Structure formats: C-alpha cells, structure tokens
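Let me begin by presenting the structure, written as structure tokens, before commenting on it.
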Ligand code: AMP
C-alpha cells in the first residue's frame, strides 16, 4: 500500500476529526490537513517540476509543517530525506549532495546557515516559515488520487544513519517498509484509534517522525509541542490537556522525565500525568533499574522496542502490560531483555559462519522482515555486506533465551576484548546502575598495554550523592565476574549524547586520556 493512498483512506474515514495540532491549540482536521497536503504536493510537482522519485531534504526541528511536508512529499510521489537539524551545515551539505536532492525545506537560523551550501549544490532552499511556503499552501491542489498509482516499492524515506565510522549511509525505506512498520506497531506495541494522540517530543527527523504513520492510519491526532522538543513542564502540561496521549522517548529522556517528576509534589502515578497512555522507548539500552524507576513513576504505561534505522523501530518489543507485570513479579530477566520478535519479524542468532546457534548462545542478531530496508543509497558494496541473501545483519550481539526473549549484549564494535576474553559493557553498566548514587554510566574499552583493552567506566553521580571507586568496585565484585570489573573509573558531570539521547561511546573513546583518571569530582 502506498502511504498516500492510505492517508486518503483516513481523510475519507476521519475527515472532520482532529489530525494535527501545535501544543494545545485547536487542531487541523483531516480534511483541512489534506487540502494543505495536496496543495503543497501540486506546488512541488508542477511549480517546482519535481518528478516521482526525486529526493527532498527536511532540515528542520519538530514543527507541524514537518508533518504537512512529509504527507505532501508522499502524495507527490517524492522521497523524504530527513536530517537532524543539529548537524553542522557541512554535514547537511554531505546529505544534500549524496542524496542528489532537488529541494530542501528548512527554517529559521538553519535556513540562513544552509544558504551558501544550497547555492553550491543547486538545491532549492525553502523556508517553511516564509512566503514561498505560504503561497504553496494557498495554491490549487493535486487530485486526491495523484499518489495512489505509485507502487509501494517506491522510495519514501531516505534516512542517513549516524554512522560512527566513515561517512553516513542512506538507508532506503519504501512505502511497503513503512506500512509494515506501522502494522507491527499496532500488533505489538499499541493499537491506535480516533481517541489517541501522539506527542512529537523525539526528533521527527529520526524514527519519531515515522510514528505519525500508525496514528494517522487509524484516525489519531499528532501533536507537536510548541517548544519543538522536550520541555518537561510543557510536556507534563500537555499530558494533562490530552486525555489519551502517548510518546516515543529515548531511555535517557525517560530518565529525565522521571527526575523531573520526582521534583513535583508527590502524587500517585495516574494523577501525575493523567493523560499518558503509553511511553514507548527504544533506540538504546533501557537498564533494569531505569525501567523500574519509570514504572514506579508513570505506572504500567512504559513499553520498549528494539529496532534500527535499517528496520525502523521494528525488531522486538515488550508491551507496557508485560513490563509492569515483570516489575511486579521481580522478573528482572524479562526487564533486562528487549522482548519478543515482532509479529512480521523473524529474528535469528547466527554465529560467525552464518549458522544458527542454540538457545542461550551469543551470536549476531539477524532479521528477516518486510520492514527491512531496500539497501543503502548508491552503495551496493555496503548493501551486500549488511544484507547478504536479503536478511539484515544488525551488527548487534545477543542471545534468545528459552522463553524466546532477546537479550542484547552490545553492538559488536562496542564489545571489549580484554586479555582475549569478550566483555559486554551492558552487563557492567547494569551492575553499576544498582548503586543509588549512580545516575548514569557508560562503559567502554580503552587501550591497555597488558590486556589489549581495559574496562573503563564513565560515571555520572546523582546530584548531592557521593560514591567512590572502592564502593563501585565492591558492588561489581558482589554481582559480576571479577575480570569484568572496571579497571578505571572516570567521574564526569554528564555523558556525551546525540540529539536522540543516545550515549556517544565513540566520543568517550576519542576523548579518553589516561590523565582523565584523575578527574574525580
Ligand atoms: P539507530 O539505527 O541509530 O536507531 O541505532 C540502532 C541501534 O541502537 C541498534 O542496532 C541497537 O544497537 C541499539 N538499540 C536500539 N533499540 C535498542 C534497545 N531497545 N535496547 C538496546 N539497544 C537498542
């Protein structure tokens, strides 16, 4: 199914229902949104002379225009190329050039900064707060069936992976991929209907933007906070305003929300944010202690998914009820897992030769699913490496236990090899997080003359709390094998993170100096 055809179905089914709102302001209905979408689509195709398959970059922070632009691109049979608005203009320049984009929507200061680049690459730059955008929306509209004739194999979303080494690669996702993603979301995370609202707190340039699809597909409302991101006070107010709202947030953002809630007058979880239906998280490890804290704070309304750009948000999932049940029963094994394979997804654990391993044995997580990308843009070598025979090699190391739960260890490149033995940072991180004074932690391997690599822990202490190396060492001795204990501790005020809240281990590695060991705050 082409996403444009699917959206037109929603326009017919839910025409007068609210579809898109900015904060608590009155929402556009599906019918009103459709008029804007089709007018913008006509402007793209007729005034800008873009052809089916052409790429259009979206370089802006979260705003309602983002949702309008996405739907218009799909109606015009064009491909969206989302970029993080916090990237350096030269990094955005790389995407403009590599994708061969014809046009770029941006806004504000970023629009100014991109000016010279657009000239070099002959990409037309359009400010979504400027007159060209307004004129486009006020013009005549393409017919409702303009997009429906595109096959669902057409490119819908060309997503440049953050790529910690080398240049980012463009992940090609088709309409069929994204429809499959939305169906899996309904099947395994949350069913959506007309009463539901989605709060766009996470960057719409990442998976967060794609979550609009399972909502508009079933008549839900998309809400973009006025701040365009996470402002805790604004978010908690929206969770009082909307009676049945959900949101995606990276684990570190969930933890920030828990901290904010702790500073509020003590009330029951339900009263704290009465409108919250589900907080779904993923994209990075969600540690057992953090899951428990989130459930204590928000109640049985916390779900988790595991996915990656190459199969967006869709590999495994744990519904909120299962997580709440596991917290109640003290089932830490389930809480430490990323859940069961999603409905349309086959997850296998393969050894280095590509053979399946027995249960409870570590190997690489390999995925077959209709959500798996078509490949990397203009990069057949990388595609052949990532998906030999069509199955996606995720680069994640994990095991499936007897209950069928997937336990992720780490990205294969993050595994520490010390004295010839593999050490998985996540196990060490889980152990350290049990200390009440530890707020955040990230463990990496650092060069070591004797062992090859040494386990090094970067620790953020909770405000006002004290903890030293000796206490952490004892905690590790009590809970994990001695050889996994960190050899070095670095106490830091905060961890480096990317705009989606993922800890940047690459930065920790790059900036690590043995001298930093004396940074004991
Ligand atoms: P990205 O493509 O930037 O979304 O990064 C995807 C990677 O994030 C995955 O390959 C995993 O290594 C990690 N990841 C995603 N979801 C989870 C999760 N729920 N728990 C642990 N790691 C995750």
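Of all residues in the range 262-291, those that are more than 16 Å from the ligand (Cβ to nearest atom), within 23 Å of the chain's Cα centre (by Cα) and more than 13 Å from residue 201 (Cβ to Cβ) total 2.
Determine if the range 309-331 includes at least one residue that is out of contact with any helix residue (DSSP H, G or I) (no Cβ under 9 Å at 6 or more places or on another chain) and assigned to a loop (DSSP other than H, G, I, E, B). Yes, the range 309-331 has at least one match.
Figure legend. Inter-residue proximity from the range 401-412: first residues on the phi > 0 side of the Ramachandran plot, second residues assigned to a loop (DSSP other than H, G, I, E, B) and exposed (fewer than 15 other Cβ atoms within 10 Å of the Cβ), beta-carbon distance below 9 Å, spacing 6+ or different chains. Indicated pairs: 404/359. Read through the list (1) modelled with pLDDT under 95; (2) in contact with a strand residue (DSSP E or B) (Cβ under 8 Å, 6 or more places away or on another chain); (3) farther than 25 Å from residue 261 by Cα, then give the number of the only condition that residue 353 fails. Failing condition for residue 353: (2).
If you go through the range 299-322 and keep only what is surrounded by 24 or more Cβ atoms within 10 Å (Cβ to Cβ), more than 7 Å from the ligand (Cβ to nearest atom) and without any contact (Cβ under 8 Å) to a residue 40 or more places away in the chain, you end up with just 318. Hey, among the residues in the range 252-261 that are within 15 Å of the ligand (Cβ to nearest atom) and in contact with a helix residue (DSSP H, G or I) (Cβ under 6 Å, 6 or more places away or on another chain), which one's modelled with the highest pLDDT? Among those residues, the one meeting the criterion is 254. Residues to consider are 354, 283; find the one that is under 14 Å from residue 394 (Cβ atoms) and buried (at least 21 other Cβ atoms within 10 Å of the Cβ). Of 354, 283, the one residue that is under 14 Å from residue 394 (Cβ atoms) and buried (at least 21 other Cβ atoms within 10 Å of the Cβ) is 283. Would you check if residue 454 is free of Cβ contacts under 8 Å to residues at least 12 places away in the same chain and over 21 Å from residue 286 (Cβ atoms)? Taking the combined requirement at face value, the residue does not satisfy it.
Just to be sure before I move on: is residue 364 within 13 Å of the ligand (Cβ to nearest atom) and within 26 Å of residue 171 (Cβ to Cβ) in the structure I sent? Yes, satisfied.
The values are calculated or read from the model by the stated rules, or taken from the named source; none is laboratory data. Computed from a prediction, not measured in an experiment: that's the story for all the values here. In this analysis, Cβ positions are derived from the backbone assuming ideal geometry, glycine residues included, and neighbour counts consider all displayed protein chains.
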